[in-house]
Amino acid sequence: MSVEIRVPTLGESVTEATIGQWFKKPGEAVNADEPVVELETDKVTIEVSAPASGVLEAISFSEGETVEVGALIGVIADGAKAAPTEQSQNKQETSEASMASEDKNDAAPVDIVVPVAGESVVEADVGQWFKKVGDRVELDEAIVELETDKAAMDVSSPVAGTVIEILAESGETVEVGALLARVQPGEGGAAVTAAPAPSPVAQVPAAAPAVGGTEMPPAPSAAKMLAEKNMDAADVAGSGKRGQVLKEDVLSAVANLGTTAVTKAAPAPARAPSNVDDAPREERVKMTRLRKTIATRLKEAQNTAAMLTTFNEVDMKPVMDLRKSYKDLFEKKHGVKLGFMGFFTRAVVHALKEIPAVNAEIDGNDLIYKNYAHIGVAVGTEKGLVVPVVRNADQMSIAEVEQEIGRLGRAARDGELSMADMQGGTFTISNGGVYGSLMSTPILNAPQSGILGMHKIQERPVVVNGEIVIRPMMYLALSYDHRIVDGKEAVTFLVRLKESLEDPQRLVLDL
């Protein structure tokens with residue numbers, strides 16, 4: 001019986017990869033979970049492991065060839081036992097120790113590993129363990145929480161059984177594919193190890209320096225681009241395994257004119273010691289990966305973009321009157337409450353069609369104009385700010401927008417956002433008004449060129465048709481990248497928003 005080796009799912013929008021290096025040749029023995037081949041994409045380098053022990057019978061593609069996701073790249077002939085590597089020997093000894101009991105379960109333990117977490121995500125921090133050694137776990141029950149630089153996610157057990165080992169502690173950083181725990185399938189409990197085996201994380205080589213000093217050569221696609229741009233790999237911060245420079249790193253360095261590399265290389269300023277009377281009353285808490293990523297990206301946005309903010313205000317009475325008249329009928333028909341975000345999203349989409357620069361981005365020396373609108377909606381959670389994306393908002397009705405925003409908001413609060421929910425936004429809306437903010441200057445969500453800040457609705461005296469009246473007013477703020485968006489375009493964008501919201505019929509008539 002033969003076992004196929006196929007190209008795994010590589011992340012959103014990634015459909016192909018390049019064969020980097022074969023670690024085994026046809027005829028050589030291979031153990032289950034032993035790396036067989038390295039694949040390279042534009043954004044990440046991954047190792048594909050053998051799904052079973054045996055002999056590598058055939059290789060379908062040579063190094064340097066391009067393969068699509070799901071393509072058959074090799075075949076393992078079952079039945080031959082390979083000489084165990086040090087890593088597989090450790091795993092075998094650990095497994096044998098964990099199953100040592102007079103009444104052994106016939107089923108082999110099942111490994112719980114770090115899943116592929118999405119495009120460009122190669123590692124995660126171990127968060128909270130929901131189970132401990134000896135605990136019963138059901139099929140698809142969450143066993144541990146992992147935190148990447150984009151979101152938190154739960155890892156579930158693929159079988160029902162008993163947790164017999166935990167190999168990564170809370171707070172540890174683990175790579176995609178690393179072993180987290182083992183579960184013994186079955187109804188009864190299995191004997192657990194007296195002492196846990198060394199964590200696989202400890203065997204991972206220390207990360208290479210971000211700029212220069214890495215022994216890993218640039219990925220082929222990155223090397224080609226470095227040559228085209230007449231750049232040195234030592235001047236680019238590598239984000240791949242062991243500091244390898246990837247194509248995305250070169251693109252980022254070109255777009256940022258070197259600011260990213262400089263920022264990463266610069267040491268953080270040392271903090272002055274606290275006063276002896278104050279130190280006992282302070283609490284030092286390690287930053288989560290999500291919080292560190294938020295801080296880094298916001299600072300890079302400030303360093304890179306020529307960011308300006310322009311303001312306007314909108315009379316919210318027409319929208320509020322419309323909501324009051326139809327909110328019950330709307331909720332009865334569509335199963336969701338009629339909020340403000342549906343109106344604002346539709347108004348933003350209309351304005352983006354007229355001012356496409358606000359929906360564009362800079363890529364090196366090119367401008368990319370997008371004939372679609374994926375609107376990011378900033379949501380505050382206990383773990384920090386996340387920006388799930390309403391995809392193809394330009395093709396949605398107000399009801400569909402409200403339904404999708406409701407789904408994303410619930411997922412964000414429950415920690416169930418997927419990578420697909422977080423990627424690909426072209427413009428962002430941030431509503432600080434829910435916290436009482438009267439006015440603010442939002443920071444761009446790079447590489448986007450615009451972000452709209454909504455604020456608190458507050459009654460103020462305004463002049464309407466020559467008379468002073470009290471109206472529910474909201475300040476609007478548009479932060480934009482002046483490298484691509486001119487001042488006239490930014491001001492016009494807010495004016496169009498104001499016109500649509502003060503006369504909602506324009507949204508229905510597409511005016």
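Odds and ends about this structure:
- Positive minus negative residues near Glu459 (Lys, Arg vs Asp, Glu; Cβ under 12 Å): +3
- Of the GluC sites (Glu not before Pro) found in region 383-432, the ones in coil according to DSSP and having at most 15 other Cβ atoms within 10 Å of their Cβ are Glu416.
- Chymotrypsin sites (Phe, Trp or Tyr not before Pro) lying in DSSP loop within region 275-371, provided at most 14 other Cβ fall within 10 Å: Tyr369
- Mean Cα-pair separation over length for region 305-509, i.e. relative contact order, pairs under 8 Å, 6 or more apart, %: 32
- Between Thr296 and Thr15, the distance separating the two model label sites (each 7 Å from Cα on the Cα→Cβ line) works out to 3.0 nm.
- Relative contact order, percent, region 410-511 [alpha-carbon distance under 8 Å, six or more residues apart]: 20
- ³J(HN,Hα), Karplus 6.51/-1.76/1.60, whole Hz, each residue of region 478-486, x for Gly, Pro: 10, 8, 9, 8, 5, 5, 10, 10, 7
- Backbone geometry of region 415-432 corresponds, through the Karplus equation with coefficients 6.51, -1.76 and 1.60 at θ = phi - 60°, to 3J(HN,Hα) couplings of x, 10, 5, 8, 4, 5, 5, 9, 10, x, x, 10, 7, 10, 10, 10, 10, x Hz, x marking Gly and Pro.
Read-outs: derived from the displayed coordinates by stated rules, not from any lab. Computed from a prediction, not measured in an experiment: that's the story for all the values here. When we count neighbours, we look across all protein chains shown, and the Cβ atoms used for this are built from the backbone with ideal geometry, even at glycine.
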